[in-house]
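Accompanying notes for the structure given below.
The values are calculated or read from the model by the stated rules, or taken from the named source; none is laboratory data. Treat the numbers as computed from the prediction; the structure is a model and nothing was measured. With ideal geometry, Cβ positions are generated from the backbone for all residues, glycine too; neighbour counts draw on all protein chains shown.
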Amino acid sequence: MLDMQALVAIDQVMAKLGNPLSSVVAEIDSQLSAWLTPTKPNQVFPSAEKIRRKVRDIAKVLDDSIEFRDKRKKNRYSLLTRGERASIELEVDSKVGVVIHETIKLAAKEHDVSMADALILLITGKIQPEAGKVVVHEYKATDVEGAPVYVQGHGWTGEGVPASKTVTRDFSEAPGPCDGYQPSEFTRKYVEGRDGTCRAPGCNRPAWTCQLDHRINYSDGGQTHASNLVALCQHHHNMKTDGRAFYILDPVTGDVVWLYEDGTWAVTEATGPLAPASKVWARTIAEDVVAHRRKMHEEARALKVEVDGGEMVEIFDKTDPAERYSNGYDDIPF
């Protein structure tokens, strides 16, 4: 039984859809139902934010005829002054936001200043953005036709962010152990791609903004390897460090079992694009999209418009949309 927060989260996304085929809506419902069904004891139920994100991701990649009204929104800028302080807000498409964020982050690193100071320096023209150096990380199955793309900071989409240069890394296997305490960029992106968010129950903080925690402390012999690293936000990292919680990581499934002082426990699943369930979903959704596009292409070719007495007569397949879309694939239980 879904609570009101979960129902509102689903409705917020569905209300933004255009007029998708009934079969597409049915597919969203089927996949969401399977995703919400627990597959292991004490599995944490997804938060309203994760449910909202899942519905959006399914809709975005299931059919490119689906458009979100958010895409038609204009960029928004606002300034709020409070005494001697001011707050500036910019609202843009999330893909644009990711590029802006990475530009500021690069400037902060290059000039050894905070993100806020880097933004001020960039806007006031005291420093120039490093053209061609901004990196946006994307995840995509290269062996699957029509595979969706996961843009870090944006989510699942049919297409990635346009780039002047592309560097491809193979994440089919976890990178080898790092020599020191700090994970390499390759290892960090693998763990972030596996975890998706902070791995603590109910936490929605994106993994790419989290710290990577050594499950077995590095000082105790724990390796700096994906099998011993978990994305945790500062708050939950402190809980683990203080001994208020302990967790066990399954390196194969990516599941994390949390053990608490009062004897209770909970399980969280990896939700990033490299998580086992996400890999299966990406492959399945790609097959559905390709099959659907092929069917629609065949129907488009069969569409004939004839002029008869000055009237346009359309001849097309009258089959039910659900039948047109059906491809015989079973739903994937994740």
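Taking residues in region 18-45 that are closer than 14 Å to Leu2 by Cα, and partners anywhere that are modelled with pLDDT of 85 or more and polar (S, T, N, Q), the pairs with Cβ atoms closer than 7 Å and at least 6 places apart or on different chains are Val44/Thr268.
For (1) out of contact with any helix residue (DSSP H, G or I) (no Cβ under 7 Å at 6 or more places or on another chain); (2) surrounded by 16 or more Cβ atoms within 10 Å (Cβ to Cβ), each residue gets a yes or a no:
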| position | (1), (2) |
| --- | --- |
| Ala6 | no, yes |
| Ala15 | yes, no |
| Ser22 | no, no |
| Ser30 | yes, no |
| Trp35 | no, yes |
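Checking the stated criteria, Glu138 turns out to be under 30 Å from Pro276 (Cα atoms) and in contact with a strand residue (DSSP E or B) (Cβ under 6 Å, 6 or more places away or on another chain). Among the residues of region 173-189, at least one is of a type in the set (A, V, I, L, M), touching a residue at least 24 places away in the same chain (Cβ under 8 Å) and touching a His at 6+ places or on another chain (Cβ under 9 Å). Looking at this structure, is Tyr218 more than 25 Å from the chain's Cα centre (by Cα) and within 28 Å of Lys105 (Cβ to Cβ)? Judged against the criteria, Tyr218 is a match.
Scanning region 189-221 for residues that are buried (at least 20 other Cβ atoms within 10 Å of the Cβ) and basic (Lys, Arg) gives Lys189, Arg194, Arg199. The set of residues in region 240-258 being touching a strand residue (DSSP E or B) at 6+ places or on another chain (Cβ under 8 Å) and of a type in the set (Gly, Ala, Ser) consists of Ala245 alone. Only residues that are in a loop (DSSP other than H, G, I, E, B), over 11 Å from Lys95 (Cβ atoms), in contact (Cβ under 8 Å) with a residue 24 or more places away in the chain and hydrophobic (A, V, I, L, M, F, W, C) were counted in region 139-169, giving 4.
Restricting region 80-94 to residues that are small (Gly, Ala, Ser) and either over 21 Å from Gly153 (Cα atoms) or assigned to a loop (DSSP other than H, G, I, E, B) (or both), which is modelled with the lowest pLDDT?
Initially, region 80-94 is screened for residues small (Gly, Ala, Ser), giving 83, 86-87, 94.
The next check asks that each one be either over 21 Å from Gly153 (Cα atoms) or assigned to a loop (DSSP other than H, G, I, E, B) (or both); those that pass are 83, 86-87.
Values: Gly83: 88, Ala86: 93, Ser87: 93.
Residue satisfying both the conditions and the ranking: Gly83.
Kindly check whether there is at least one residue in region 59-79 that is modelled with pLDDT of 85 or more, surrounded by 15 or more Cβ atoms within 10 Å (Cβ to Cβ) and either touching a helix residue (DSSP H, G or I) at 6+ places or on another chain (Cβ under 8 Å) or part of a helix (DSSP H, G or I) (or both). No - not one qualifying residue is present in region 59-79.
Considered as a group, the residues in region 223-252 that are more than 16 Å from Thr197 (Cβ to Cβ) and β-branched (Val, Ile, Thr) include one that is surrounded by the fewest Cβ atoms within 10 Å (Cβ to Cβ), and that residue is Val252.
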